[in-house]
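Peer 1: Structure provided below as structure tokens; questions to follow.
Only the coordinates and a few stated rules stand behind these numbers; no lab work does. For clarity, every value in this text was computed on a predicted model and none was experimentally measured. FYI the Cβ positions are ideal-geometry reconstructions off the backbone, even for glycines, and counts take in every protein chain you see.
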């Protein structure tokens with residue numbers, strides 16, 4: 001083995017060890033979709049648990065200056081500080097304690113970007129009766145600091161079409 005080849009191998013080994021020692025995360029694309037889905041569900045639950053105890057701070061904290069947001073209660077697209085103000089002004093102090101479940105969850109992975117969609121089913125904790133639901137889509141990007149929310153869309157389902165009577 002020549003000195004150059006040996007030096008090259010040592011350099012490659014040093015780079016690999018350095019990368020492992022600083023905790024480099026695997027690219028999203030290299031992870032299993034089920035693992036990413038579990039991560040997205042856990043991340044969302046970490047925001048919903050306090051939300052349904054009338055604490056919107058976790059949702060406000062995930063909003064960057066570039067985050068865009070759609071919500072039927074806003075009536076228009078919001079961005080950055082506008083999203084934070086909207087959540088604080090409209091939802092803070094107005095959230096009843098509800099039980100919730102994330103259903104129909106899915107992820108689509110493209111490089112370090114994930115589209116996470118789910119239905120948020122809410123119910124009254126005392127009676128168990130349904131209390132409504134939202135259809136949600138979130139676009140997140142993996143950064144060195146974790147997941148960054150690029151876009152969030154909360155939507156209400158359209159009512160089912162009227163059935164046409166058979167003739």
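Peer 1: Going through 82, 93 one at a time, which residue ends up being out of contact with any helix residue (DSSP H, G or I) (no Cβ under 9 Å at 6 or more places or on another chain) and without any contact (Cβ under 8 Å) to a residue 24 or more places away in the chain?
Peer 2: Just one listed residue meets the conditions, 82.
Peer 1: Count, please, the residues in the range 142-158 that happen to be within 18 Å of residue 105 (Cα to Cα) and touching a helix residue (DSSP H, G or I) at 6+ places or on another chain (Cβ under 9 Å).
Peer 2: Residues meeting the conditions: 2.
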